[in-house]
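Structure first, commentary second.
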Amino acid sequence: MNWIKTLNSPDLLLDACSINKDQASYQVFNPYTNKALCSVANLSVEQIKHSISAAQTAQPEWAKKSATERAERLMSWFDKVIAAKDDLAKIMTLEQGKPLQESAGEVEYGASFIKWFAEEGKRTYGKHIPAPKNGQQIVTIKQPVGVAAAITPWNFPIAMITRKAAPALAAGCAFIARPASQTPLSALAIAELAYQAGIPKSLFQVVTSDDAKAIGKLFTSHPSIKKISFTGSTQVGQQLMAQAAEQMQKVSLELGGNAPFVVFDDADLDAAVKGAIACKFRNAGQTCICANRFYVHDNIYEAFVQKFIDQVAELTIGDGSQEKVDIGPLINEQALDAAEEKVNTAVKHGAKLKLGGQRDTDHPQCFAATVLTEVAHDNPIMTDEIFAPIAPICRFNDPDEIIDWCNDTQYGLASYFYSRDINKIWKVAQALEYGMVGINEGLISNPVAPFGGVKHSGIGREGGSEGIEEYLETKYLCFGGLG
Ligand code: ADP
């Protein structure tokens, strides 16, 4: 708890981490040191039912406020998040492990959704539709769905909440989030800032519990919850969607990915290497849009691999809270074991291990930056979602076949390719069965564009003008008997 007092604003967490002795709690750990940071409330299903009732009571009042007033509160929240950037980054690195500069980047990225949706909330336009008969007028209006709930993952502890909470609140909904049990502190801290900005406590709630399954069941079976938004694995997303059918809840699912990263032989090689490293190693490879498998054209394969390995070897591994660290710890032991297992299996299937391949000797909670070459397209590592700093590289020759290889997966979240041929760019971009395509760009996330996947990567979009639609219903008004 002492570290909380060293924050510029300890009040971000003091209340949430001062658990009264009658309240069940669970500990939150630093994944780099494996030491406990503090405890948070382990709320029961009954307690969360009370939270849902309070949210339902608060929602109509909030929906009655003008869009401008809601936008002002959201803008005040945005300002407070930015002002607290250093504290929030510190909290995030402690509980999640990512390097401090990446945490600071996530605070800004997370805040950018609050600003974006503060504005978008003012533009939830309906339509006037030409009527088929005289004497009628047809109009549509947009209304908030009511109470929305979210279940979020540990890899982006702030951004995965703000990109759901901000559109929900801007639309006039109440919002309840259950953050991943590994990373509740960032979520609690940003909720505290929302309250300081005048967003009512019962309207926006962060409920902490280490029983994900029970909370998933509660959210999807509760008649007051009209919308469920989930980011996480495809398997859990499928379960939640099936459960949500019972109450006919609206669902948004942002699920697993298996992003291909293709380098054609006309690509700018230096730009491709730079993009590949940013895309693969951010957050130690623990993002759903990370490049999962690299395909490099035979004509430039050797040159790309050499440059890539030289630059990957320069990445610094260690404690994310220290300066100049590029790759922090993986989230837990299971993630480390799974990474090791994936490399071993890939090698058994013919891949050549060129760099890394195991836990880092000096930093045992970190996995070494790993490069595998001569990986066949059908090697198991090309089909699994890796979630670790491992880059498998495959050669290709045929520019038509490569599109089939890219699409040869149940996933369809992000994809990337590098080329300078405009005809090829257009053809490949259209043919890729993915929700998002980075063209000569390895970092594609921002608040202005619709983020989301096709196939088993999910349903719905977050960000852009689409993101707020997920929290709105369209109502059609038919005025008859008009003169
Ligand atoms: P990962 O942990 O690999 O990101 P998960 O889908 O397991 O992916 O977890 C994403 C979020 O879903 C986390 O907050 C986790 O606690 C939660 N979760 C896991 N299993 C369930 C479940 N059966 N029902 C509801 N939420 C779940």
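Annotations for the structure displayed:
- Meets criteria (open to solvent by 50 Å² or more (accessible area, probe 1.4 Å) and on the phi > 0 side of the Ramachandran plot) for ASN397: no
- Meets criteria (closer than 24 Å to MET92 by Cβ, open to solvent by 10 Å² or more (accessible area, probe 1.4 Å), touching a strand residue (DSSP E or B) at 6+ places or on another chain (Cβ under 9 Å) and within 15 Å of the ligand (Cβ to nearest atom)) for GLY256: no
- Qualifying residue in region 75-98 (condition: part of a strand (DSSP E or B) and within 30 Å of GLY285 (Cα to Cα)): no
- Residue list for region 346-369, filter: within 28 Å of the chain's Cα centre (by Cα) and closer than 23 Å to ASP408 by Cβ: ALA346
- The set of residues from region 397-425 being under 21 Å from the mean Cα position of the chain (by Cα) and in a loop (DSSP other than H, G, I, E, B) comprises THR409, GLN410, TYR411, GLY412, LEU413.
- Residue in region 365-378 that is polar (S, T, N, Q) and open to solvent by 60 Å² or more (accessible area, probe 1.4 Å) present: no
- Meets criteria (part of a helix (DSSP H, G or I) and either among the hydrophobic types (A, V, I, L, M, F, W, C) or more than 10 Å from the ligand (Cβ to nearest atom) (or both)) for LYS274: yes
- Test: residue in region 422-438 that is in the same structural domain as ASP266 (by TED's automatic domain parsing), surrounded by 19 or more Cβ atoms within 10 Å (Cβ to Cβ) and out of contact with any strand residue (DSSP E or B) (no Cβ under 8 Å at 6 or more places or on another chain): no
- Flag if ILE176 is in the same structural domain as LYS226 (by TED's automatic domain parsing), within 21 Å of the chain's Cα centre (by Cα) and more than 11 Å from the ligand (Cβ to nearest atom): yes
- For region 44-59, a residue qualifies if it is touching a strand residue (DSSP E or B) at 6+ places or on another chain (Cβ under 9 Å) and of a type outside the set (Ser, Thr, Tyr), and the qualifying residues are GLN47, ILE48, ILE52, ALA54, ALA55, GLN56, ALA58, GLN59.
- Qualifying positions in region 221-253 - within 13 Å of the ligand (Cβ to nearest atom), among the small types (Gly, Ala, Ser) and either part of a strand (DSSP E or B) or open to solvent by less than 60 Å² (accessible area, probe 1.4 Å) (or both): SER221, SER229, GLY232, SER233, GLY237, ALA244
- Checking SER76 against (1) surrounded by 15 or more Cβ atoms within 10 Å (Cβ to Cβ); (2) of a type in the set (Ser, Thr, Tyr); (3) within 29 Å of SER321 (Cβ to Cβ), the condition it does not meet: (3)
- Test for GLU473: is it part of a strand (DSSP E or B), closer than 21 Å to MET241 by Cβ and touching a residue at least 24 places away in the same chain (Cβ under 8 Å): yes
- If you go through region 109-162 and pick out every residue that is over 26 Å from GLN96 (Cα atoms), open to solvent by 60 Å² or more (accessible area, probe 1.4 Å) and in contact with a Phe, Trp or Tyr (Cβ under 6 Å, 6 or more places away or on another chain), you end up with 1.
- Where a residue in region 302-317 is farther than 23 Å from THR361 by Cβ and assigned to a helix (DSSP H, G or I) and its partner, wherever it lies, is charged (D, E, K, R) and open to solvent by 60 Å² or more (accessible area, probe 1.4 Å), with Cβ under 9 Å and at least six apart: VAL305/LYS354; LYS307/ASP270
- Restricting attention to region 192-220, the residues being of a type outside the set (Ser, Thr, Tyr), within 16 Å of the ligand (Cβ to nearest atom), open to solvent by less than 40 Å² (accessible area, probe 1.4 Å) and within 21 Å of the chain's Cα centre (by Cα) number 6.
The values are calculated or read from the model by the stated rules, or taken from the named source; none is laboratory data. Values in this document were obtained by computation on a predicted structure and should not be read as measured data. All Cβ positions, even for glycine, are placed from backbone atoms using ideal geometry, and neighbour counts span all protein chains on display. Ligands, DNA and RNA are excluded from the accessible area calculation, which covers all protein heavy atoms including side chains. Shrake-Rupley method; radii C 1.70, N 1.55, O 1.52, S 1.80 Å.
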